[in-house]
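Peer 1: For reference, the structure I am asking about is given below.
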């Protein structure tokens, strides 16, 4: 370890000063945690130094999904009315779950033969769930105040998805629900929670969360392929109950093997991360389609759900950071969630490809390797064993070409068992591009029989476009131990996610456990530097960095040529001279930077040149910086910015004057630790620069990691005050020599 995970305690790095954790009073903070009615509170007042919650509540949704009593407000049995079909479906659902249903209607004596009550006040008993089939739900929610109803569902649309007026109406609805002490699903939701789930399937189940109900249909229909679903939460506009609530709840359910999510927007970034953290600690995979990768997608999502989509790069990084598996298509969502729900943990990372065609094996292996799967070469001993049953001229190194799976005897099963017995193999994949009876029939049966006898994962890609063959419909889909796919790409995506999920959760430790709760003494040092709305000069921004233990060059701010010469003597030649002013963001473009000055005369002349240029450009200087020259190293950029969904974010990348052209950066959402910092560096296309290229020595990666963690501490402590911070370039020196912030930009909120 480099010291504290968050770069705030003692450090073993020689290049950074220790910043001891203290008891300094912090800035005014905004507590974003919310107490959930009907939920289990886990320290909702436990917050980090930014005021954001470190724990969340798990709402008790048992009585939502399995109520004992239901009030159906606006029930109808009039032919041709939309409410009639909904009433009929809810009656059938209540019967299936064993709930007592009470229709509520002011003028009807009965609906479908069930006696009505005229109002909520006339309900014969407290109810767990109120379903509102009314155009204006607000008066009904207000009427429910004091009725001890635990949950309400609002189907009506015309709220936040329609614009500001609708958003205001939705806010009033949410406030009324809070006032009534109940949890609200919707508005703008549907009947998906009350679907008919198959109860004849066993094994771990998929729990489904969707903001757009129709988008969950492909996952729901997995039941027809024998894959169990336990819940479906259609969150709609999320005036109250949101995606994060359902993730947290499903992560605690013993029957849930995976959570499948379709999201158009996230209501609260921190709530989402806390829910994902809960799932990661419980080792429950979350597979997500998140709309908004493109500007068009983001605009469409906002108009549909009335939510801020947020920067997709940040969303992507946050999901990866907390183990959420992001996929693009609904077909990938269903295949990946199904595999992760049912497959046992891997015994090895290696993948072996077994095929009846050399071309098929080569094609699949190319795609799998390019996607990052490991296809280990089988040992000479294993290859000799396989050649007992496979002709010697065929390659069995991996991929394994059998030349045609044996049909008339026991050899086919022997081959498959031998492959699964190899200790380097954790996954066997058999791509079958098309049916070829009886060979493909026998191959499918042998794969199923072998899968029933092993703890290793067996996957089959059935490439036939028809999909009506007995080998597929009966043999393969009839087995809960074989994962069957229709395309190479979906199989590879799912297997990569499966191995990655178990690798991630095996070493996962919640970053919220170590997040700083107490402000550091650094905060006291920088308070006077931060003025609302101001852009800090480079000199002031570097004082900010120095206060947080980030090394900056020796430098002095001077206001005369004579002072510049004296400063150069103290700093030590050669020196760099820069104009300094709060409004100067790009000094190089204006010619306000001079490098490698080696004499007093050069310093004196340069001072005059810089001040003359500044006067010509209309820049009011606060002085000229005379800085130590730091010449050799790798130029990086480290910074923080504000994301409207997640709050402060931290970025690291390849820096210098071309940073905006290269755009080679990685981002994370605090809190995160050293492991995630190193993962950020691994994502960079230019990561090899830090290892030394073309004779350059390796850079001090440990020092770079330490700087990122210290900037994260700044993001956490100063997030309410600092809109943006850029350290560019951060010169990362030779290994063991540290890192130096050569320039910095800071903008106050």
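Peer 1: Bins of 10 Å, beginning at zero and ending with the bin holding the largest distance: percent of Cα pairs per bin for the chain, please.
Peer 2: 3, 12, 19, 19, 17, 14, 9, 5, 2, 0, 0
Peer 1: Determine the gain in length on full extension of the stretch residue 68-residue 135; use 0.36 nm per residue of separation and subtract their C-alpha separation, reporting nm with one decimal.
Peer 2: 21.5 nm
Peer 1: Using the scaling law 2.2 N^0.38 Å as the reference, what is the normalised Cα Rg of region 192-342?
Peer 2: Taking N as the residue count of region 192-342, the ratio is 0.96.
Peer 1: Hey, another quick one. Test of understanding: ordering 69, 440, 107 by Cβ neighbours within 10 Å, fewest first, what list do you get?
Peer 2: Taking fewest neighbouring Cβ atoms as first place, the list is 107, 69, 440.
Peer 1: While we're on this one: Can you tell me which of 214-220, 598-604, 94-100 comes out highest on packing, and rank the rest after it, using the mean Cβ neighbours within 10 Å?
Peer 2: 214-220, 598-604, 94-100
Peer 1: Can you give me the angle between helix 164-180 and the longest principal axis of the chain, using Cα atoms only, in degrees from 0 to 90, rounded to the nearest 10?
Peer 2: Taking the Cα atoms of the chain, the angle to 164-180 is about 70 degrees.
Peer 1: Further question on the same structure: Any idea what angle helix 701-718 forms with the longest principal axis of the chain, computed on alpha-carbon atoms, 0 to 90 degrees, nearest 10?
Peer 2: The angle comes out at about 80 degrees.
Peer 1: At 4 °C and 1.567 mPa s, grab the translational diffusion coefficient of region 610-705 from Stokes-Einstein with a Kirkwood Rh over Cα pairs, rounded to a whole number in µm² per second.
Peer 2: 81 µm²/s
Peer 1: Quick one: which of 633-642, 368-377 comes out on top by average Cβ neighbours within 10 Å, and what's the full order, highest first?
Peer 2: Ranking, from highest mean packing down: 633-642, 368-377.
Peer 1: Which ordering of 148, 587, 414 is given by a fewest-first count of other beta-carbon atoms within 10 Å?
Peer 2: Lowest count first: 148, 414, 587.
Peer 1: Fully extended, how many nm does the chain gain between residue 608 and residue 374 (0.36 nm per residue separation, minus their Cα-Cα distance)?
Peer 2: Contour length minus Cα-Cα distance gives 78.0 nm.
Peer 1: As a check on your grasp of the helix formula, calculate [θ] at 222 nm for the chain: sum -39500 (n - 2.57) over DSSP H runs of n ≥ 4, divide by the residue count, round to the nearest 500.
Peer 2: -9500 deg cm²/dmol
Peer 1: I've got another one for you. Based on the Cβ-Cβ distance from residue 622 to residue 693, what FRET efficiency comes out when R0 is 41 Å, to the nearest 0.05?
Peer 2: 0.55
Peer 1: If we sort 608-619, 125-136 on the protection proxy, mean other Cβ atoms within 10 Å, highest first, what's the order?
Peer 2: Packing proxy ranking, top to bottom: 125-136, 608-619.
Peer 1: Further, regarding this structure: With axes computed from alpha carbons, what is the tilt in degrees of helix 269-281 against the longest principal axis of the chain, rounded to the nearest 10 within 0 to 90?
Peer 2: 60 degrees
Peer 1: Sort 472, 607 so the one with the fewest other Cβ atoms within 10 Å of its own Cβ comes first.
Peer 2: 472, 607
Where a number appears in this text, it was derived from the coordinates with a stated rule and is not lab data. All values reported here derive from a predicted model rather than from experimental measurement. For neighbour counting, all protein chains shown are included, and Cβ atoms are generated from backbone atoms with ideal geometry for every residue, glycine included.
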